[in-house]
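Please read the structure below before turning to the comments.
The values are calculated or read from the model by the stated rules, or taken from the named source; none is laboratory data. Keep in mind that this is a model prediction, so the values were computed, not measured. Note: ideal-geometry Cβ built from the backbone for every residue, glycine included; neighbour counts use all protein chains shown.
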Ligand SMILES: Nc1ncnc2c1ncn2[C@@H]1O[C@H](COP(=O)(O)OP(=O)(O)OP(=O)(O)O)[C@@H](O)[C@H]1O
Ligand SMILES: Nc1ncnc2c1ncn2[C@@H]1O[C@H](COP(=O)(O)OP(=O)(O)OP(=O)(O)O)[C@@H](O)[C@H]1O
Ligand SMILES: [Mg+2]
Ligand SMILES: [Mg+2]
Ligand code: NI
């Protein structure tokens, strides 16, 4: 019976502190393994208690009392108390904070320690998402002594503790013998960083790696799955992959032109061509596995004839648009297919492959683009359509009105109905082309059990993993 | 000799200074902001500003350049933006992979190239020569990532003799050498092909020299004349190429490092460029430039060792 | 004069390469920009002689058009190197030992000292990826190659008596460089150009591997090969065909260059005594 | 009983026949001079005896050495023979030694290969032999490398290497051609002594009949791969029977007929001319050390006069010539041509070059191989600037210049490699003539060409001088040539002119010590 596992990850984390960098690779190593927050995501996206054993919410929805577990220690041996929670939350929302998701803490008015194991958080306004927010990797609890050194020597409360980081190659974590909860079954886990898709395939085939939770080469997944040694595990993610359009720019500010583009796109061809069939078509910016999801695919059926008519109607001819493509394969391959599909309705595209840094500055930061392909991986992020300064520039009054109503609503069913309205609003206004929900296409050794199937957040939770043989 | 060394050192320093300025300026015009890269899509402007301040990105250009230079002079390359560790540590760690890999590949390539080149030259226009040179032509023509991939498929995936990539560290030297073997072969083959061709043509040239005929007139056999007289003379261009190759192997291995996911210097630079970790990029490039210049310097000295005519350039 | 078999093989392969590029101008079996995802990864057969790629495009057509891209990239990259490098080398040689010569040569050494691939990545990071920027990146590193080669060859010519004779005729350095030095180094340059040409094709493939070569939808052998990497287990022909195209073309050009060198070699050339 | 017998040896390399039934004999202790013009097959004959022929060579016939059949001998037997029983010295002392091996080791190597002696013993042998050839260890350390020796010293090392095991036969292929006369005399002396003391046979290959005359017992004359005449030195030189031999001897002693030209006033005035070359700096900030190649040289050449300049290698002759022509900056002094300064600022040299042209030593290297002869010959017309003839006028100039040197004008659109050495030198003269200069400087213009051609060129120069009346500055290390063609001679040593005067006077009754050694060292044919 093996007690160690080698996990393949595509990207190496820049460092290991989840509270000061947006890189998903950090969470993929440390989330739930090394660091814990008050709450946490479960395998299917539900919010579970973590360091907080339980909590009370006041009637007005403004005060949260968290009861912490007893006898929790950090990996350096010091006790985890309410003061550490206060420190962590205050640090994240401070003026000079470099937390990448500061909005998670935006509604917090005050955090106080009632006693060693009780923390009270007061909000400025009710926030239905607060417990969800506290489950993010960016909201984990850290100790004041080690907060600054977590980048290279992470000290958390999790069931694994950091053992070794071989820059550029791997990070190793090992079982924390003093864990407060149920001990994990694995003795140690090694995360290896393999960006090259071919190398990833070779590493699996050579059994140098036991699992790739997010396998970078969908084209070879079927081969691995057919091999009796391995199995493919396909689940869902929170990544809505869209062809974003610059709603501010001519002629994309004309809804007819946007609709024309939407009808020019054949989603299935993109899913097949770029992702080799892995992915679920979406008709709006919402995860299909979410209870509030509304199927709006009919609004945007593939209909090139309609596209041409709409373009004619809008009086647009000989249109040439730039198409910025960041590095992931869904964008690069998908973009090529999109370009061909647009050409079929008479829209020429000029493909510009960009790096992430460039995409962030040029497209995301400065809004300097016509079209781009991107996957929005944050959970429940339809909110971005209400941001005035967001890169695709929608923020229509119709949307904002529903949004405000939603924020004041606490009843779950009513909330779901409003979320449906939001989805319909952006779909009917053809803000972007909603392509597909990114699949979590992973592969693993058949004997490895207890890994997550879905990815409600980007994490490699190994707490339940074990070897069947 | 001291004069020679002094002159070389001054020109070396001048080159490095020019190089540092070029690198610094080039990286300044590179679009992309490290702070934004680190904080991602959902960040707030205040967090961005705070991080920029923390990283020292707000200081004026000349101040940053001079600060960097002054730091380098005392071996302090600064703190990596993304990794948050001293750049020097990062580089040293990567060098422990890149340097052995380059040396391994160079050794392999030399061990293959010199005998092949010598054999081919000794049997000029013969069957051995023809087939060896044909093979070297193919070796040169292979795109290296393609060849590397074929190696992985054959030796790691099918035969399972080697691991498909990665680097286990030097605690277990045997495993480390095994991990570097396939990458070294992938790197060495094209270099060996080039080197073998240089060796052959250089040896053919020297075999035509008068002193080889003199040696034969003394009663040396063809082989003795080749071995004792021609070979050492033929090594001079070979050493030049080896010097160039070493610097290439040190810096140009990015692609091979990617295919074998090795934590080498080239990949560090590549990753740092995409993360806009400019402080790492410029330090790595600087180190590589420094390495190349130093190697050129060493090759000059190697010349002097091989060739007495160069030993006393100036009294 | 006996022509070496390697020269013939090289010439044939190089010619095939050029012919492919020319043919692609007037005819390809299929449209290389038309995707047919349903028809992807078809093995070589009657309809598609060399099969189809992961988007269902006809590989044979892409190879034809890719030859054109390769020629364009390599030609311009070598052109950049020659147009800048050769005059620099000629001027440096005509003023050997002067500060100008020193400056050019130190500058050359410096360019040589920079890690080529990293600089290429930087250049494309600054200007964006694409064929033009790949050309610039490859071209920059061709400049010192040609400058050095030209200078070396020119220097040995400057010591020859016929240069003295030209000076006796009252001709200046620039004029001598053009009238006497340049024609006499042209063989050497031609041979080196062939070799740099093949290296440029390989370099483009390397850049394409890191995603920086010619950009879609323009087919390029390097990108075809890079994109086909992961498909090799699925449909080997997708990776083998562009690989073989590159190998045989580079091989052909190298053999051709070597053959030319032998042909021009003064030791093998014998005028009447 | 002869040591070496070569009988009807035929040799071809590839498809070209090189030797065609060569026969000769050398007895022990005998010196055979093998003479002939370039390409006649002298070297190939010698290499056949050693079986060190180039790849692709096929030999037929008989070669016997000391009773052994060389043609049939295996490579192993030959290896044992070479260096031990047959030693060989080559022409080029500069390239015949391995630059990366000390001279002591190179000499010792011969011994180590053939005898079972140890390293130190071989060194001792080498040391003794190097001393014997005039390189005692205390003056020239045997741990030196070849580049630290002069040409003559290197040739001594070559000889030591060849004779360290006291071979029965020594083959010397043009051992002195690359050396200047004084050194040549020393080396020939050394060889003569070795042959006498060790009793070995010597095959001395040379193109210079005068050298053979002083050294050899017998002579074999080769022409186009055939030995056309054999006999004792006296027989052959005094009473040659073969037509080719006669021609060769005549050419070697040829004196062109010249009328003493009508001389005019001063054409070229050189005054206090100095030329320094910078040596590499010895300390970083110290001044350059300099080497004075031309040291306060002053002389005058009158219009129509033919002046010789002699001196050994490195004495500064070529530097002086280049300085006169304005191709080289000068350190001090001035040069006036027709009263006009050559080294004045601006494009002065451009102006004076119209009246002054030069012919170089190497008839091939002085032409751009990529231009046609017509264009090459016309090149100096560039000096006329906008007044240069064009079109038909230009062609006319080229034609008449070529005609003047006896080249068919129709050949103007050939390339230079399509001409023989002698023709090339004529074309070089045509190029100098085309602009009708008052002075032609010839730097070793006939040194590289065969004697028979040399005679023609000298005739041509004499004739042209008489007809067109230009002055010559004739630089040569060959006193015979200088004697034949000049009125006055300047002797140069160490950058200075040590003696000057009418040619006959200086060469017959040298006053300066240096001139005396020079004259004494020069081999003479007609004694
Ligand atoms: N390696 C070779 N291959 C083919 N032909 C050769 C080779 N070496 C010499 N020859 C030819 O053989 C002929 C005789 O050459 P050889 O060197 O014996 O002449 P030589 O009398 O020694 O002349 P020189 O006085 O110039 O040394 C020449 O025509 C020459 O061109
Ligand atoms: N460009 C130069 N730089 C430095 N030293 C030079 C240069 N040219 C010539 N010399 C030196 O000047 C001296 C005179 O050389 P020069 O060529 O004038 O001799 P020469 O009399 O023509 O000899 P030879 O008979 O060998 O042609 C030599 O010692 C030579 O080494
Ligand atoms: Mg000869
Ligand atoms: Mg001279
Ligand atoms: Ni999302």
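Checking residue B:230 against (1) closer than 17 Å to residue B:92 by Cα; (2) surrounded by 24 or more Cβ atoms within 10 Å (Cβ to Cβ): exactly one of these is not met. Which one?
So residue B:230 meets the others, but not (1).
Mind checking which helices (runs of 4 or more DSSP H) fall wholly inside segment B:86-163 and carry at least 1 residues that are at the interface with chain C (Cβ under 10 Å from one of its Cβ atoms)?
Because the criterion is at least 1 residues that are at the interface with chain C (Cβ under 10 Å from one of its Cβ atoms), the helices (runs of 4 or more DSSP H) in segment B:86-163 that meet it are B:127-141, B:144-151.
With respect to residue B:17, determine if the residue is modelled with pLDDT of 85 or more and in the same structural domain as residue B:278 (by the TED database).
no
Just to be sure before I move on: is residue B:197 at pLDDT 85 or above, closer than 30 Å to residue B:100 by Cα, within 9 Å of another protein chain (Cβ to nearest Cβ) and in a helix (DSSP H, G or I) in the structure I sent?
yes
Of everything in segment A:362-376, what is within 10 Å of ligand 5 (Cβ to nearest atom) and under 17 Å from residue B:36 (Cα atoms)? Give them in sequence order.
A:376
Only one of (1) surrounded by fewer than 23 Cβ atoms within 10 Å (Cβ to Cβ); (2) more than 8 Å from every other protein chain (Cβ to nearest Cβ) fails for residue B:296. Which number is that?
(2)
Among the residues of segment D:172-205, count how many are within 16 Å of ligand 3 (Cβ to nearest atom) and either part of a loop (DSSP other than H, G, I, E, B) or more than 19 Å from the chain's Cα centre (by Cα) (or both).
Residues meeting the conditions: 7.
Assuming residue D:478 fulfils every condition listed in (1) within 16 Å of ligand 2 (Cβ to nearest atom); (2) at pLDDT 85 or above; (3) away from chain C (no Cβ under 14 Å) apart from one, which condition is it?
So residue D:478 meets the others, but not (2).
Looking at residue B:153, is it at pLDDT 85 or above and within 27 Å of the chain's Cα centre (by Cα)?
no
So that you can scan it fast, the table gives a plain yes or no per residue for (1) away from ligand 3 (no atom under 16 Å from the Cβ); (2) within 14 Å of chain B (Cβ to nearest Cβ); (3) assigned to a helix (DSSP H, G or I):
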{"residue": "A:383", "(1), (2), (3)": "yes, yes, yes"}
{"residue": "A:392", "(1), (2), (3)": "yes, yes, no"}
{"residue": "A:400", "(1), (2), (3)": "yes, no, yes"}
{"residue": "A:417", "(1), (2), (3)": "yes, no, yes"}
{"residue": "A:459", "(1), (2), (3)": "yes, no, no"}
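Do we find a residue being assigned to a strand (DSSP E or B), within 27 Å of the chain's Cα centre (by Cα) and more than 12 Å from ligand 1 (Cβ to nearest atom) anywhere in segment D:45-53?
No, every residue in segment D:45-53 fails to be assigned to a strand (DSSP E or B), within 27 Å of the chain's Cα centre (by Cα) and more than 12 Å from ligand 1 (Cβ to nearest atom).
Find the residue count for segment A:11-27, including only residues that are under 22 Å from residue B:269 (Cα atoms) and part of a helix (DSSP H, G or I).
Result for segment A:11-27: 3.
Can you pull out the residues in segment D:122-144 that are part of a helix (DSSP H, G or I) and crowded, with 16+ Cβ neighbours inside 10 Å?
D:122, D:123, D:125, D:126, D:127, D:129, D:130, D:131, D:132
Determine which member of the set D:199, D:158 is in contact (Cβ under 8 Å) with a residue 40 or more places away in the chain and crowded, with 20+ Cβ neighbours inside 10 Å.
From the options D:199, D:158, the qualifying one is D:158.
Among the residues of segment B:41-73, which ones are facing another protein chain (nearest Cβ under 7 Å) and in contact with a helix residue (DSSP H, G or I) (Cβ under 8 Å, 6 or more places away or on another chain)?
Correct list: B:41, B:42, B:43, B:44, B:46, B:47, B:51.
Among the listed residues D:322, D:347, which satisfies the condition of being more than 16 Å from ligand 3 (Cβ to nearest atom), under 19 Å from residue D:383 (Cα atoms), at the interface with chain C (Cβ under 10 Å from one of its Cβ atoms) and modelled with pLDDT under 85?
D:347
I'd like to verify a number: residues in segment A:345-380 that are crowded, with 17+ Cβ neighbours inside 10 Å and within 8 Å of chain B (Cβ to nearest Cβ), how many?
Residues flagged as crowded, with 17+ Cβ neighbours inside 10 Å and within 8 Å of chain B (Cβ to nearest Cβ) within segment A:345-380 amount to 10.
Among (1) more than 14 Å from chain A (Cβ to nearest Cβ); (2) more than 30 Å from residue D:170 (Cβ to Cβ), which single condition is residue B:260 missing?
(1)
When the residues of segment D:1-30 are narrowed to those that are more than 14 Å from chain C (Cβ to nearest Cβ) and outside any strand (DSSP E or B), which ends up nearest to ligand 2 (Cβ to nearest atom)?
D:30
State which residue is surrounded by the most Cβ atoms within 10 Å (Cβ to Cβ) when the search covers only segment A:323-343 and only residues that are more than 9 Å from chain C (Cβ to nearest Cβ) and more than 22 Å from residue B:273 (Cβ to Cβ).
A:338
Against the definition (away from ligand 1 (no atom under 16 Å from the Cβ), outside any loop (DSSP other than H, G, I, E, B), within 14 Å of chain B (Cβ to nearest Cβ) and crowded, with 20+ Cβ neighbours inside 10 Å), how does residue A:426 come out, yes or no?
Considered against the rule, which asks whether it is away from ligand 1 (no atom under 16 Å from the Cβ), outside any loop (DSSP other than H, G, I, E, B), within 14 Å of chain B (Cβ to nearest Cβ) and crowded, with 20+ Cβ neighbours inside 10 Å, residue A:426 comes out as no.
Evaluate the following for residue C:126: is it more than 12 Å from every other protein chain (Cβ to nearest Cβ) and free of Cβ contacts under 8 Å to residues at least 12 places away in the same chain?
When the stated conditions are applied, residue C:126 does not pass them.
Residues D:83, D:56, D:33, D:67: which one is away from ligand 2 (no atom under 16 Å from the Cβ), at pLDDT below 90 and either crowded, with 21+ Cβ neighbours inside 10 Å or closer than 21 Å to residue D:209 by Cα (or both)?
D:83
Considering only segment D:170-183, state which residues are more than 16 Å from ligand 1 (Cβ to nearest atom) and either surrounded by fewer than 20 Cβ atoms within 10 Å (Cβ to Cβ) or within 26 Å of residue D:515 (Cβ to Cβ) (or both).
D:180, D:181, D:182, D:183
Considering only segment A:61-71, I want to know if a residue exists there that is without any contact (Cβ under 8 Å) to a residue 24 or more places away in the chain and touching a strand residue (DSSP E or B) at 6+ places or on another chain (Cβ under 8 Å).
Within segment A:61-71, not a single residue is without any contact (Cβ under 8 Å) to a residue 24 or more places away in the chain and touching a strand residue (DSSP E or B) at 6+ places or on another chain (Cβ under 8 Å).
Does residue D:61 satisfy the condition of being on the phi > 0 side of the Ramachandran plot and either within 14 Å of another protein chain (Cβ to nearest Cβ) or assigned to a strand (DSSP E or B) (or both)?
Criteria met by residue D:61.
Hey, can you tell me all the residues within segment B:16-40 that are at the interface with chain A (Cβ under 7 Å from one of its Cβ atoms) and not in a helix (DSSP H, G or I)?
Listed by number, the residues that qualify are B:31, B:32, B:33, B:40.
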